[in-house]
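See below for the structure under consideration.
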Amino acid sequence: MPVNRAQTGDIMKVLPKEKSKVLAEANRWSLAYAEGYVEGEAFRRRGTLPSKYAQIGIDEYCLGFRAGYYERKNPGSLRPANPAAPAGRVFKIPPKSAHDTL
């Protein structure tokens, strides 16, 4: 039986939702972050400019959107799977000595 356009559209809407769930589980991301990531990838592939909300928002969805939209080449700069774990290098600030004060 052939698939009509309405059914194809429904299938295309389900795929990003499933991909978001898989990414969230595999990377220990929140579902909102994973949904934003998938949307960001789609916007980047289509060459579509993101909304102001997606560009400057600070919620999980926007953080994920920007991670997907602005593709990074450096694997050490990716968000860690465990939010408590530091990403990349950790720099320790030495304690102030008495000579550092003015």
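Filtering region 25-42 to residues that are farther than 19 Å from ARG72 by Cβ and among the aliphatic types (A, V, I, L, M) leaves LEU31, ALA32.
State which residue is modelled with the highest pLDDT when the search covers only region 58-96 and only residues that are of a type in the set (A, V, I, L, M) and in a loop (DSSP other than H, G, I, E, B). Looking at residues that are of a type in the set (A, V, I, L, M) and in a loop (DSSP other than H, G, I, E, B), I get ILE58. Examine region 36-57 for a residue that is assigned to a helix (DSSP H, G or I), of a type in the set (Gly, Ala, Ser), free of Cβ contacts under 8 Å to residues at least 12 places away in the same chain and over 14 Å from PRO16 (Cβ atoms), and state whether such a residue exists. Within region 36-57, not a single residue is assigned to a helix (DSSP H, G or I), of a type in the set (Gly, Ala, Ser), free of Cβ contacts under 8 Å to residues at least 12 places away in the same chain and over 14 Å from PRO16 (Cβ atoms).
The values are calculated or read from the model by the stated rules, or taken from the named source; none is laboratory data. Remember, it's a predicted structure, so these values are computed and weren't measured experimentally. Heads up, the Cβs are rebuilt from the backbone with ideal geometry, glycines too, and the neighbour counts pull from every protein chain shown.
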